[in-house]
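Everything on this sheet refers to the single structure shown next.
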Amino acid sequence: MWLCAPLFCPEDVRSALGIPTHILPQEILIVGIPDEDPIKPKRRNLEDVIHFNGW
């Protein structure tokens, strides 16, 4: 699994994935199937995660 934002380390991403130097990686999307069923986190109230006109 690759855990890095490509905009901060494009050379590392190019090297690891064999991307030509004229291509600028913008995003990496990790896709896969977990080894086991993860436990679902408790759902948070919308009021706790949505902010209007401020933080």
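The values are calculated or read from the model by the stated rules, or taken from the named source; none is laboratory data. The structure presented is a predicted model; accordingly, all values stated were derived computationally and were not measured. No Cβ is skipped: glycine too gets one built from the backbone with ideal geometry, and neighbour counts run over all protein chains shown.
Here are a few things to note about the model shown:
- Cβ separations smaller than 8 Å between residues 6+ apart or across chains give no pair from the range 30-49 residues that are more than 30 Å from Val13 (Cα to Cα) to residues that are at pLDDT 85 or above.
- Selection count where residues are of a type in the set (Val, Ile, Thr) and assigned to a helix (DSSP H, G or I), scope the range 42-52: 1
Matching residues to (1) part of a loop (DSSP other than H, G, I, E, B); (2) in contact with a helix residue (DSSP H, G or I) (Cβ under 8 Å, 6 or more places away or on another chain); (3) modelled with pLDDT of 85 or more; (4) not charged (D, E, K, R):
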{"site": "Leu7", "(1), (2), (3), (4)": "yes, no, no, yes"}
{"site": "Glu11", "(1), (2), (3), (4)": "no, no, yes, no"}
{"site": "Ile23", "(1), (2), (3), (4)": "yes, yes, yes, yes"}
{"site": "Ile28", "(1), (2), (3), (4)": "yes, yes, no, yes"}
{"site": "Lys40", "(1), (2), (3), (4)": "yes, no, yes, no"}
